[in-house]
Amino acid sequence: MKQWVTLMDGIDRLQVQEVPEPIDIKEDEVLVRINAVAINHRDIKIINGDFKGRYATPTDPMVPTSDASGTIVKVGRPAAATKWREGDRVLGLVRPTHLTGPTRSEHHALGLGFPQPGVLTEYRVFSASGLVQIPQGLSFEEAATLPIAATTAWMALNWDRPIDRPVRGPQTVVLLQGTGGVSIHALQQATALGLTTIVTSSSDEKLLKAQELGATHTVNYNTTPEWADEVLNLTQGKGADIIVETGGPETMPQSVRAVAEGGVISAVGVLTGMTEEKPQLAIGLSLINRNAVLKGINIGPRDRVEEMMRLYQQEDIHPIINRCFKFDGAKDALTYMKDGFHFGKVVIKVNED
Ligand SMILES: NC(=O)c1ccc[n+]([C@@H]2O[C@H](COP(=O)([O-])OP(=O)(O)OC[C@H]3O[C@@H](n4cnc5c(N)ncnc54)[C@H](OP(=O)(O)O)[C@@H]3O)[C@@H](O)[C@H]2O)c1
């Protein structure tokens, strides 16, 4: 079988390896034939070496990426057989041991794509507990987009809500930054929940697409660089109750200005860089003034993934796939996403259904 591998030295240096199919499947594991892999910002950072130092850098080439869907072709017995059957359609959790509650360092240490081997391969062994059934009506490509981007979006909206009682109704205003994977999943979820949404983007064309998906308001952050003012205008001075903060250091000061009193900034991303040398004190004081919460979001556990998927099924939500590349085109897929041309998710088709 074929798999892509990296030494965390850049997209250009990714290579395809031919290796034997896995045959050693433990009792609590299953073998999955991978159908589709979705790419995340994290994958690009890992492949480019930005995460070196967090864990031991692999000396052997490592399979990258973390989000996959596929079909179970072999079940380890008896533990795995209690839950799974050959032929089941599944997606893999990024952190297979994170089943409930907050993300902890022991979950990170078993994360797929780094430090553990990833999923850009034709077959892979998964722990039986690290898989979730794909609901009927979702394709393999759509399901592959859920583990990181959709789960993070769901947690950013609902981290403080009891399971199966998500935030609902137009009185809650949600601000989504940009039109990448997390934001577009959050837009689809928020729209299904009837929330009021404001989407920012550098592109009017992408904002039109966001409107077609149900965005209540849109703001171009290039032509309106002080977009926080526009958020306040659109909400009659109130601000956004939930901000899905994907931008990081350069957007955070405006997010603090745009958050409603008693609202939440769900800190998700670092699209504008990973520096931590920005003035935290001013942000802290502003949060006090606005009685607001700054909540770090770090993907989410299996029970919240399953909760989210119930909404996708009930509301017939279909994740937005901007482009689907062939397995051999993995480098092009990663480069395309790195360059930010996409709206929603970028997927690689590994095996035919
Ligand atoms: N904490 C977690 O658990 C978690 C999970 C997933 C992702 N993340 C992080 O969240 C961020 C977003 O991830 P993603 O997968 O959605 O990335 P993505 O798909 O690569 O998002 C790219 C988009 O972000 C937008 N963007 C770039 N700079 C921006 C800015 N200054 N203001 C507003 N939007 C901007 C652009 O949208 P336009 O083209 O529309 O301008 C760009 O197309 C990344 O930093 C990622 O590492 C964190």
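Just to be sure I understand, how many residues within segment 130-168 are more than 28 Å from Gly70 (Cβ to Cβ), touching a strand residue (DSSP E or B) at 6+ places or on another chain (Cβ under 9 Å) and not aliphatic (A, V, I, L, M)?
So the answer is 2.
Of everything in segment 83-100, what is without any contact (Cβ under 8 Å) to a residue 60 or more places away in the chain, of a type outside the set (Gly, Ala, Ser) and not in a strand (DSSP E or B)? Give them in sequence order.
The answer is Lys83, Trp84, Arg85, Glu86, Asp88, Pro96, Thr97.
How many residues does segment 238-262 contain that are surrounded by fewer than 23 Cβ atoms within 10 Å (Cβ to Cβ), assigned to a strand (DSSP E or B) and not aliphatic (A, V, I, L, M)?
3
From the list Leu281, Leu287, which one is aliphatic (A, V, I, L, M), at pLDDT below 95, closer than 30 Å to Ser255 by Cα and surrounded by fewer than 13 Cβ atoms within 10 Å (Cβ to Cβ)?
That would be Leu281, the only listed residue that is aliphatic (A, V, I, L, M), at pLDDT below 95, closer than 30 Å to Ser255 by Cα and surrounded by fewer than 13 Cβ atoms within 10 Å (Cβ to Cβ).
Of all residues being of a type outside the set (A, V, I, L, M, F, W, C) and assigned to a loop (DSSP other than H, G, I, E, B) in segment 210-232, which is farthest from Ile320 (Cα to Cα)? Just the residue, please.
It comes out as Glu226.
Determine if segment 198-210 includes at least one residue that is without any contact (Cβ under 8 Å) to a residue 60 or more places away in the chain and of a type in the set (Lys, Arg).
No - not one qualifying residue is present in segment 198-210.
Of the residues Thr224, Thr235, Thr272, Thr216, only one is within 13 Å of the ligand (Cβ to nearest atom), farther than 24 Å from Val346 by Cβ and β-branched (Val, Ile, Thr); which?
None of the other options fit; the residue is Thr224.
Which one of the conditions (1) buried (at least 24 other Cβ atoms within 10 Å of the Cβ); (2) out of contact with any Ser or Thr (no Cβ under 9 Å at 6 or more places or on another chain); (3) among the small types (Gly, Ala, Ser) does Ala156 fail to meet, given that it meets all the rest?
(2)
Got at least one residue in segment 101-121 being without any contact (Cβ under 8 Å) to a residue 12 or more places away in the chain, surrounded by fewer than 16 Cβ atoms within 10 Å (Cβ to Cβ) and in the same structural domain as Thr216 (by TED's automatic domain parsing)?
No, segment 101-121 contains no residue that is without any contact (Cβ under 8 Å) to a residue 12 or more places away in the chain, surrounded by fewer than 16 Cβ atoms within 10 Å (Cβ to Cβ) and in the same structural domain as Thr216 (by TED's automatic domain parsing).
When the residues of segment 307-334 are filtered to those that are exposed (fewer than 15 other Cβ atoms within 10 Å of the Cβ) and touching a residue at least 40 places away in the same chain (Cβ under 8 Å), which remaining residue is nearest to Lys45 (Cα to Cα)?
Step by step, filter segment 307-334, then rank; the result is Asp328.
The values are calculated or read from the model by the stated rules, or taken from the named source; none is laboratory data. Note that the structure is predicted; figures quoted are calculated from it, not measured. Note: ideal-geometry Cβ built from the backbone for every residue, glycine included; neighbour counts use all protein chains shown.
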